[in-house]
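Structure record follows, encoded as structure tokens.
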Amino acid sequence: MTTHTQETSVQESERAWLEQAIRLAAGSVADGGGPFGALVAKDGEVVAIGNNQVTATLDPVAHAEVSAMRAACKALDTFSLEGCVLITSCEPCPMCLSAALWARVDRVVYAADRHDAAVAGFDDRKFYDLFEKKPASMWPMSVHRLDLPNRTAPFDAWLAKSDRIDY
Ligand SMILES: [Zn+2]
């Protein structure tokens with residue numbers, strides 16, 4: 001059972017980490033990156049930090065959360081961030097939220113939200129609206145399926161592989 005004191009100290013450390021993520025985000029702007037910062041913490045310690053590096057590295061998926069989670073996996077030598085908290089200066093976009101699910105992060109904590117990001121000219125809210133309110137047929141990007149007879153061959157090979165590492 002979690003005691004009230006434990007919960008209070010968790011909240012206090014998460015608040016401090018969130019302040020750190022906001023400082024990382026502000027620092028990112030000063031360094032020519034996007035205004036986003038994130039970190040991954042485990043067992044009360046910061047494992048890795050990250051900032052937005054989209055324009056710096058010509059990588060459209062180098063969001064702060066992705067950068068922090070990649071660095072955390074390297075630091076922990078694993079592909080699973082089970083038991084970790086992702087702390088981010090802004091609400092994760094749908095991609096980063098999915099990435100956090102894939103990484104098996106326990107918990108996500110953020111400060112600014114998608115509406116704050118929209119004011120600054122970022123598409124987070126627009127993409128959320130696409131996922132939540134519009135069928136894919138109405139998206140500006142077409143997503144099309146070709147039904148090929150061998151479409152499940154990679155999965156068949158995967159399931160037949162006895163030494164596969166499930167993730
Ligand atoms: Zn993102």
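The values are calculated or read from the model by the stated rules, or taken from the named source; none is laboratory data. If you're wondering where the values come from, they're calculated on a predicted model, not measured in any experiment. Positions of Cβ are backbone-derived with ideal geometry, glycine not excepted, and every protein chain shown enters the neighbour counts. For the accessible areas, the whole protein counts, side chains as well, though only heavy atoms, and no ligand, DNA or RNA atoms are used. Shrake-Rupley method; radii C 1.70, N 1.55, O 1.52, S 1.80 Å.
Could you say whether any residue in region 1-12 is part of a loop (DSSP other than H, G, I, E, B) and touching a helix residue (DSSP H, G or I) at 6+ places or on another chain (Cβ under 6 Å)?
No, every residue in region 1-12 fails to be part of a loop (DSSP other than H, G, I, E, B) and touching a helix residue (DSSP H, G or I) at 6+ places or on another chain (Cβ under 6 Å).
Name every residue in region 101-112 that is among the hydrophobic types (A, V, I, L, M, F, W, C), under 11 Å from residue 40 (Cβ atoms) and open to solvent by 50 Å² or more (accessible area, probe 1.4 Å), in order of residue number.
Of everything in region 101-112, just one residue is among the hydrophobic types (A, V, I, L, M, F, W, C), under 11 Å from residue 40 (Cβ atoms) and open to solvent by 50 Å² or more (accessible area, probe 1.4 Å), namely 108.
Just one of (1) closer than 24 Å to residue 30 by Cβ; (2) not in a helix (DSSP H, G or I) trips up residue 105, so point out which.
The single condition residue 105 does not satisfy is (1).
If you go through region 62-73 one residue at a time, do you hit one that is within 12 Å of the ligand (Cβ to nearest atom), β-branched (Val, Ile, Thr) and modelled with pLDDT of 95 or more? Reasoning before the result, please.
Step one: list which residues in region 62-73 are within 12 Å of the ligand (Cβ to nearest atom), which gives 62-69.
This time we only want the ones that are β-branched (Val, Ile, Thr), so: 66.
Add one more test, that the residue is modelled with pLDDT of 95 or more, and what stays is 66.
Yes, the conditions are met somewhere in region 62-73.
Here's the yes/no breakdown for (1) in contact with an Asp or Glu (Cβ under 6 Å, 6 or more places away or on another chain); (2) farther than 22 Å from residue 103 by Cα:
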{"residue": "38", "(1), (2)": "yes, no"}
{"residue": "46", "(1), (2)": "no, no"}
{"residue": "56", "(1), (2)": "no, yes"}
{"residue": "61", "(1), (2)": "no, no"}
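Only residues that are within 23 Å of residue 90 (Cβ to Cβ) and either open to solvent by less than 100 Å² (accessible area, probe 1.4 Å) or among the charged types (D, E, K, R) (or both): list them for region 128-138, please. Outline the logic, then answer.
We begin by selecting, within region 128-138, every residue within 23 Å of residue 90 (Cβ to Cβ); these are 128-134.
Result: 128, 129, 130, 132, 133, 134.
Take the residues in region 53-91 that are crowded, with 24+ Cβ neighbours inside 10 Å and assigned to a helix (DSSP H, G or I); name whichever of them is farthest from the chain's Cα centre (by Cα).
That would be 72.
In region 119-149, which residues are of a type in the set (S, T, N, Q) and either touching a Phe, Trp or Tyr at 6+ places or on another chain (Cβ under 7 Å) or in a loop (DSSP other than H, G, I, E, B) (or both)? Talk me through it step by step, then tell me what you get.
Residues of region 119-149 that are of a type in the set (S, T, N, Q), as a first pass: 137, 142.
Across region 119-149, the qualifying residue is only 142.
Which one of these is open to solvent by 30 Å² or more (accessible area, probe 1.4 Å) and away from the ligand (no atom under 14 Å from the Cβ): 98, 142?
Numbers: 98 fails: away from the ligand (no atom under 14 Å from the Cβ).
142 is the lone residue from the list that is open to solvent by 30 Å² or more (accessible area, probe 1.4 Å) and away from the ligand (no atom under 14 Å from the Cβ).
Please find, within region 23-52, the residue that is least open to solvent (accessible area, probe 1.4 Å) out of those that are away from the ligand (no atom under 12 Å from the Cβ) and in a loop (DSSP other than H, G, I, E, B).
Per the stated criteria, the residue is 33.
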